[in-house]
Amino acid sequence: MDWQALSLSLQLASATALLLLPAAVWLARLLAWSAWRGRAALEAAILLPLVLPPTVLGYYLLLGLGGASPLGQAYHALTGRQLVFSFDGLLVASLIVNLPFAVQPMQRSFAAIPRELREAAWVSGLSRWQTFLRIELPLAWPGIAAALALSFTHTLGEFGVVLMVGGSVPGETRTIAIAIYDQVQAFNDAAAAGMSALLLALSFVAVIVVSRLGRPAPRR
């Protein structure tokens, strides 16, 4: 087991899930309850990482994060380092890649909340912020938890975009998915099998969690 790669993957997955949470909640509510002209375009943009080949997405991320880009130049001016082939660049790419995995489950949960329930809360004297905290979040919690599970697990197994944006720098961008690839290339089947089994188990648990959270509650 490549413990360094596993530790870095867990850090990346945790940071991705937590940083995506507030933005995904805002986007999910916006898409669930609004009917403005640009809604379809925004939803399509969020879903693009699901259908784009990893090489294509990775190429555009390289352009957007590279040294010639405004973001890459700003990062270099602040830190003196390149954004690509760094953990920070890997995190930015991971946030973009995992956005649909975070937004979609939450969007379905918020859309399932009856509008009449929110209106009743407003009539009862609750502000919009209080309604969000005391009514909407508890009801949408299954979707939020599912989104966190999906984002975390998908980040652990992401390969194509990670390889293009981060490469394989030990201790910096070499994730467990890259480590598996390197072990296969080195014909170290035992190490590759052990790390693959770990990712398989984590993915299996995530699928069970998402399935149970998405199941309708039994009527009493």
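The values are calculated or read from the model by the stated rules, or taken from the named source; none is laboratory data. Worth saying up front: this structure is predicted, and the values here are computed from it rather than measured. Neighbour counts are summed over all protein chains in view; Cβ atoms, including those assigned to glycine, are modelled from backbone coordinates with ideal geometry. Note: areas computed on protein heavy atoms with side chains; ligands, DNA, RNA excluded. Shrake-Rupley method; radii C 1.70, N 1.55, O 1.52, S 1.80 Å.
Excluding Ala177 itself, what net charge comes from residues whose Cβ is under 14 Å from its Cβ, given Lys and Arg +1 and Asp and Glu -1? Don't jump to the answer; show the numbers that get you there.
Details: positive: Arg174; negative: Asp2, Glu158, Asp182.
The answer is -2.
From the Cα trace of the chain, what convex hull volume per residue do you get, rounded to a whole Å³? Walk me through the numbers before you get to the answer.
Numbers: hull volume 33.2 nm³, N = 220.
That works out to 151 Å³ per residue.
Using a 1.4 Å probe on the protein chains only, how many percent of the accessible area of the chain belongs to carbon and sulfur?
Of the solvent-accessible surface of the chain, carbon and sulfur hold 67 percent.
Take each complete run of DSSP H in the chain, measure how far its Cα atoms stretch along the helix's own axis, and keep only those covering 24 Å or more with mean Kyte-Doolittle hydropathy at least 0.0; list them.
Details: long enough: 3-33 (44 Å, 1.34); 137-157 (30 Å, 1.19); 189-213 (35 Å, 1.87).
Counting only whole DSSP H runs, the qualifying helices are 3-33, 137-157, 189-213.
Take the alpha-carbon centre of the stretch 151-174, take the same for the stretch 24-81, and report the distance between them in whole Å.
First find each Cα centre; the distance between them is then 17 Å.
Could you tally the net charge around Gln11, taking each other residue with its Cβ under 15 Å from the Cβ of Gln11, Lys/Arg +1 and Asp/Glu -1? Don't skip to the answer; put the middle values down first.
On the way: positive: Arg174; negative: Asp2, Asp88, Glu158, Glu172.
Net charge around Gln11: -3.
How much net charge surrounds Ala28 when only the other residues with a Cβ under 11 Å from the Cβ of Ala28 are counted, with Lys and Arg +1 and Asp and Glu -1? Don't skip to the answer; put the middle values down first.
Values: positive: Arg29, Arg108; negative: Glu43, Glu136.
Net of charged neighbours comes to 0.
Using a 7 Å offset from the Cα along the Cα-to-Cβ direction at both Asp189 and Glu116, what is the distance between the two label points in nm, to one decimal?
For Asp189 paired with Glu116, the spin-label model returns 6.3 nm.
Normalised by the number of residues in the chain, what is the relative contact order in percent for Cα pairs under 8 Å and 6+ residues apart?
On the way: 259 pairs, mean separation 67.5, N = 220.
Once normalised by length, the contact order is 31 percent.
Skip the ligands, DNA and RNA, and give the accessible area per residue of the chain with a 1.4 Å probe, whole Å². Kindly include the intermediate steps, with their values, before the conclusion.
On the way: 12120 Å² over 220 residues.
I get 55 Å² per residue for this part.
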